[in-house]
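The values are calculated or read from the model by the stated rules, or taken from the named source; none is laboratory data. Here the structure is a predicted model, which means the values were calculated and not measured. Reconstructed Cβ throughout: ideal geometry from the backbone, glycine too, with neighbour counts over all protein chains shown.
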Amino acid sequence: MEHQFTLEFSIFMGMSLKRIVLAFSFVFVWVLTKILAINPEWTEQVYSNSLYTLISKLCRYAFGWVPFSVGDVFYTLVVLLLLRWLIKNWRRSYKDFKNWILELLTGVSFIYLAFHCFWAFNYYRQPLHVNLEMGKDYSTEQLVSVTELLIESSNNAHEALQNMDSLKVEVPYSKKDILDMTQKGYKALSKSIPLFTYKPSSIKASLYSLPLTYMGFSGYLNPFTNEAQVDILIPKYQLPSTASHEVAHQLGYAAENEANFIGMLACIHHPDPYFNYSGQVFGLRYCLNELYLRDQEAYQQLRTKIRPGIFKNFKESRDFWNSYENPLEPLFKTTYDSYLKVNNQNKGIESYSYVVALIVNYYDETPTKR
């Protein structure tokens, strides 16, 4: 009898230990991220340029051909199943708390592990400026010089599409066509920078574009299906740069400033003039904003050189987002800011604007690419 009790107790303890290990496996992943954060070269070689490349391509081959967002459907099912589980097991939260919390933590740990394995370890890779052998810092004089270059190229791009300098550019394509055309920019870009080779394509209109707009976001990458999700409601002239930004995330560039920079390059290398315009004014807008913060006198001088129609496009974007302002938007932005900081982007949402350092150094150090 005593032997049987000991055997049953051992089996019970073994099962409990396994459940505890599974429930708290997120701690192991968290520790691993801290190790990767101080070893970006290792992350770059072992994960970003090998394991992740394979995972992302398999996901895009698996889901890219589906005409709707599989990832959005997946999110919907997960939320419904979670709500069902909570309702069904609510009483257990106080009657059998230990097993209830272990089951909940096991689910959280599984999602946390999958999130990192399928995507998030990219947050700990080498900075892009290291891979491209570019500088990291820049002076105000450099910023002024590059802003002048972008003004010239943006004006030329605008003039090629709109004879009247006071009118905004109207993109004639459907939004679906724009998403379908995005890959061509990366095909052209990869000829000069093979790092940005993109195949196969998986760019989708988000099924939740309306709530996404109210939250103040124009797109996102689904880390579990590797689909680039785009808010299909945003102004057309912004859609090429937004879609190209999300593709950069698909390629494993998690930092927002790096995705901004790569997306801009893909647009200005695109054979289509509307994509080119979207990329030029995207970079110009960030440089102007940074110049305003550094040297308002220089900003005012350069501002007068820009065709008024470009500012009409900027106003189109500003009016669009203003029309969806709501009391909850700051909460969503604060939450996302915290998410970025937790995932190795110390500046949070501000990291988007750090694209200027990449733009300035790219143009300043590679004059033949101006």
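Within 21 Å of ILE55 (Cβ to Cβ) and touching a residue at least 40 places away in the same chain (Cβ under 8 Å): is that true of SER166 in this structure? When the stated conditions are applied, SER166 does not pass them.
Flag set for PRO194, criterion: free of Cβ contacts under 8 Å to residues at least 40 places away in the same chain, surrounded by fewer than 16 Cβ atoms within 10 Å (Cβ to Cβ) and not hydrophobic (A, V, I, L, M, F, W, C).
From the list TYR173, TYR274, the one residue that fits, being surrounded by fewer than 19 Cβ atoms within 10 Å (Cβ to Cβ) and touching a Phe, Trp or Tyr at 6+ places or on another chain (Cβ under 9 Å), is TYR173. Of all the numbered requirements in (1) surrounded by 13 or more Cβ atoms within 10 Å (Cβ to Cβ); (2) of a type in the set (A, V, I, L, M, F, W, C); (3) modelled with pLDDT under 90, CYS117 misses one, and that requirement is (3).
Considering LEU302, LEU284, the condition of being within 28 Å of LEU212 (Cβ to Cβ), surrounded by 12 or more Cβ atoms within 10 Å (Cβ to Cβ) and either free of Cβ contacts under 8 Å to residues at least 40 places away in the same chain or of a type in the set (A, V, I, L, M, F, W, C) (or both) is satisfied by LEU284 alone. The set of residues in region 233-250 being surrounded by fewer than 21 Cβ atoms within 10 Å (Cβ to Cβ) and over 16 Å from GLY279 (Cα atoms) consists of LEU233 alone.
Selection within region 206-226: residues that are farther than 23 Å from LEU328 by Cβ and surrounded by 20 or more Cβ atoms within 10 Å (Cβ to Cβ). The member of this set that is farthest from the chain's Cα centre (by Cα) is THR225.
Each row is one residue, and each column tells you yes or no for (1) assigned to a helix (DSSP H, G or I); (2) at pLDDT 95 or above; (3) not assigned by TED's automatic domain parsing to the domain that holds LEU302.
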| position | (1), (2), (3) |
| --- | --- |
| ASN155 | yes, yes, no |
| TYR173 | no, yes, no |
| THR182 | yes, yes, no |
| LEU195 | yes, no, no |
| LEU210 | yes, yes, no |
| LEU239 | yes, yes, no |
| VAL247 | yes, yes, no |
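Within region 265-280, none of the residues are in a helix (DSSP H, G or I), farther than 23 Å from SER201 by Cβ, assigned by TED's automatic domain parsing to the domain that holds THR147 and within 18 Å of the chain's Cα centre (by Cα). For region 286-330: of the residues being within 26 Å of the chain's Cα centre (by Cα) and acidic (Asp, Glu), which is farthest from MET164 (Cα to Cα)? So, considering only residues that are within 26 Å of the chain's Cα centre (by Cα) and acidic (Asp, Glu), the one farthest from MET164 (Cα to Cα) is GLU329. All of VAL169, VAL146 fail the test of being among the β-branched types (Val, Ile, Thr) and under 14 Å from LEU288 (Cβ atoms), apart from VAL146.
Going residue by residue through region 78-86, is there one that turns out to be part of a helix (DSSP H, G or I), basic (Lys, Arg) and surrounded by 12 or more Cβ atoms within 10 Å (Cβ to Cβ)? Within region 78-86 (the criterion being part of a helix (DSSP H, G or I), basic (Lys, Arg) and surrounded by 12 or more Cβ atoms within 10 Å (Cβ to Cβ)), the answer is no, since none of the residues qualifies. Residue-level analysis places LYS333 among those that are within 15 Å of the chain's Cα centre (by Cα), of a type in the set (Lys, Arg), within 21 Å of LEU212 (Cβ to Cβ) and at pLDDT below 95.
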